[in-house]
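Chemist: Can you keep this structure in mind? I'll have questions shortly.
The values are calculated or read from the model by the stated rules, or taken from the named source; none is laboratory data. Just so it is clear, the structure is predicted and the values come from calculations on it, not from any experiment. Positions of Cβ are generated from backbone atoms using ideal geometry, with glycine treated the same way; all protein chains shown enter the neighbour counts. Protein only, heavy atoms only, side chains kept; ligands, DNA and RNA dropped before computing areas. Shrake-Rupley method; radii C 1.70, N 1.55, O 1.52, S 1.80 Å.
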Amino acid sequence: MMKVVKAPAKINLTLDVVGKRDDGYHDVEMIMTTVDLADRIQLMLIEEDQIQVEVNIGHVPNDKHNLAYQAARLLKDQFSIKSGVKIYIHKNIPVSAGLAGGSTDAAAVLRGLNDMWSLGLSLEELAEIGLKIGSDVPFCVHGGTAVARGRGEILSFLPSPPPCWVVLAKPPKGVSTKSIYQRLNLEGMKHPDTEGMIQAIEEHHFQGICQRLENVMETATFELAPEVKNIKQRLIQFGAEGTVMSGSGPTVFSLTSSESKAYRLYNGLKGFMDNVFVVRLLGNRHL
Ligand code: ATP
């Protein structure tokens, strides 16, 4: 039996860090939404008692370090599945980009194998299992648009933002999320207007959404990787309605309601960097 599952990337419309916890994690408050830039995951059931992973690019692990492998392992062990699965991952989402590429692959494997192995788990149950892999996995299990609190696993769902174009640009140099967290200055930080963003989304107010795009990690990432700031400034100069960094970076994205403007932004950046994408917001949750 074979199945293909789509694993869409997420972007952060807002990202706030609201405190540090005793367990070393930070409490976050962020609004995430899925975009139509997706990895393609092919699942094939095999008789051997094995989980095999193949990836179309070299620098992503194809063993137990792959989050998709970990997702299959959790389901297989918890439900004592004696056969195996071959997971072929076609990466379209740039790696270490702030787009939850690994988490969404894990979430897609949870959804796909839940069907193929007839486990009958709800998305809530899959999200709970996914949390063992990472704090972005529960959101990726559901998709759509949500406010995420706690470590990112406490989700309140929102309606979809109005349809628009998303131009994503990922500079070549990655940044380490850990070093960004170490540089965060919780005291002096200017926090996003999360409540205002929720209201703008609920009212389908596109300009209101664009005005409130904000990410508290930008300052630290810009210090470590000034080219990320340059890209943001270029996108603003090209006339994007709203521009912000996603996650801990380095991907920066712009929202625009005009297709021609989206391609103007794309062409403006494509001349000097490889990883530029024009996609639509996805909006809808997985069912
Ligand atoms: P986040 O936005 O959740 O911080 P990210 O988009 O910054 O995630 P990923 O693309 O998920 O980062 O990759 C982070 C690391 O995870 C990489 O070093 C990569 O080797 C590893 N990894 C494990 N499984 C995968 C996978 N299926 N796809 C991509 N990376 C993976």
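Chemist: If we sort 210-219, 29-38, 147-156 on the protection proxy, mean other Cβ atoms within 10 Å, highest first, what's the order?
Modeler: Highest-to-lowest ranking by the protection proxy: 29-38, 210-219, 147-156.
Chemist: If the only charges are +1 at each Lys and Arg Cβ and -1 at each Asp and Glu Cβ, what is the size of the charge dipole of region 2-158 around the Cα centre, to the nearest 20 debye?
Modeler: For this selection, approximately 240 debye.
Chemist: While we're here: How far, in degrees from 0 to 90, does helix 259-270 lean away from the longest principal axis of the Cα atoms of the chain, to the nearest 10?
Modeler: Roughly 90 degrees between the two axes.
Chemist: Which number do you get for Rg(Cα) / (2.2 N^0.38 Å) in region 91-230?
Modeler: Against the empirical 2.2 N^0.38 Å value, I get 1.17 for region 91-230.
Chemist: Could I ask something else about it? May I ask which of Lys20/Lys229; Lys178/Lys229; Lys86/Lys173; Lys20/Lys173; Lys6/Lys190; Lys3/Lys173 have a Cα-Cα span longer than 29 Å here?
Modeler: Going by Cα-Cα distance, Lys86/Lys173; Lys6/Lys190; Lys3/Lys173 fall outside the 29 Å limit.
Chemist: Within region 165-280, what whole-number % of the accessible surface is contributed by carbon and sulfur, with the 1.4 Å probe and all protein chains included in the calculation?
Modeler: 47
Chemist: Ordered by packing density, taken as the mean number of other Cβ atoms within 10 Å over each peptide's residues, highest first, how do 193-205, 68-80 rank?
Modeler: Going by the mean number of other Cβ atoms within 10 Å, highest first, we get 68-80, 193-205.
Chemist: Further question: For region 17-83 and region 109-144, what is the separation of their Cα centres, given in Å?
Modeler: Cα centres, region 17-83 to region 109-144: 10 Å.
Chemist: Oh, and also: Name the shape class, rounded, prolate or oblate, that the alpha-carbon gyration tensor gives for region 165-280, where a ≥ b ≥ c are the square roots of its eigenvalues, rounded holds for a/c under 1.5, and otherwise prolate holds if a/b is larger than b/c and oblate otherwise.
Modeler: Oblate shape, in that a/c is at least 1.5 and b/c is the bigger or equal ratio.
Chemist: While we're here: Report, in debye and to the nearest 20, how large the dipole of the chain comes out about its Cα centre when Lys and Arg carry +1 and Asp and Glu carry -1 on their Cβ.
Modeler: In debye, rounded to 20, the chain gives about 740.
Chemist: Right, next: Quick query: amide H of Leu13 versus all other amide H atoms, modeled in the peptide plane; which residues come in under 5 Å with a sequence gap of 5 or more or a different chain?
Modeler: Ile31, Met32, Thr33
Chemist: What whole-number volume per residue, in cubic angstrom, does the convex hull of the C-alpha atoms of region 121-187 give?
Modeler: 164
Chemist: Mind ranking 107-115, 93-101 by how tightly packed they are, going by the mean number of other C-beta atoms within 10 angstrom, highest first?
Modeler: 107-115, 93-101
Chemist: Next question. Decide, for region 2-158, between rounded, prolate and oblate: order the square roots of the alpha carbon gyration tensor eigenvalues as a ≥ b ≥ c, take rounded if a/c falls under 1.5, and otherwise choose prolate if a/b is larger than b/c, else oblate.
Modeler: Prolate, since a/c reaches 1.5 and a/b exceeds b/c.
Chemist: Follow-up question, since we're still on this one. Based solely on its DSSP helices, what 222 nm [θ] is calculated for the chain when runs of n ≥ 4 H residues each add -39,500 (n - 2.57) and the sum is averaged over all residues, nearest 500 deg cm²/dmol?
Modeler: Result for the chain: -9500 deg cm²/dmol, rounded to the nearest 500.
Chemist: Keeping every protein chain in place, order Asp136, Asp39 by accessible area at 1.4 Å, biggest value first, i.e. largest first.
Modeler: Asp136, Asp39
Chemist: According to the square roots a ≥ b ≥ c of the eigenvalues of the Cα gyration tensor, what is the shape class of the chain, taking rounded for a/c under 1.5, prolate for a/b larger than b/c otherwise, and oblate for the remainder?
Modeler: Cα axes put the chain in the prolate bin.
Chemist: Might you report the magnitude of the Cβ-based charge dipole of region 165-280 about its Cα centre, with Lys and Arg at +1 and Asp and Glu at -1, to the nearest 20 debye?
Modeler: 520
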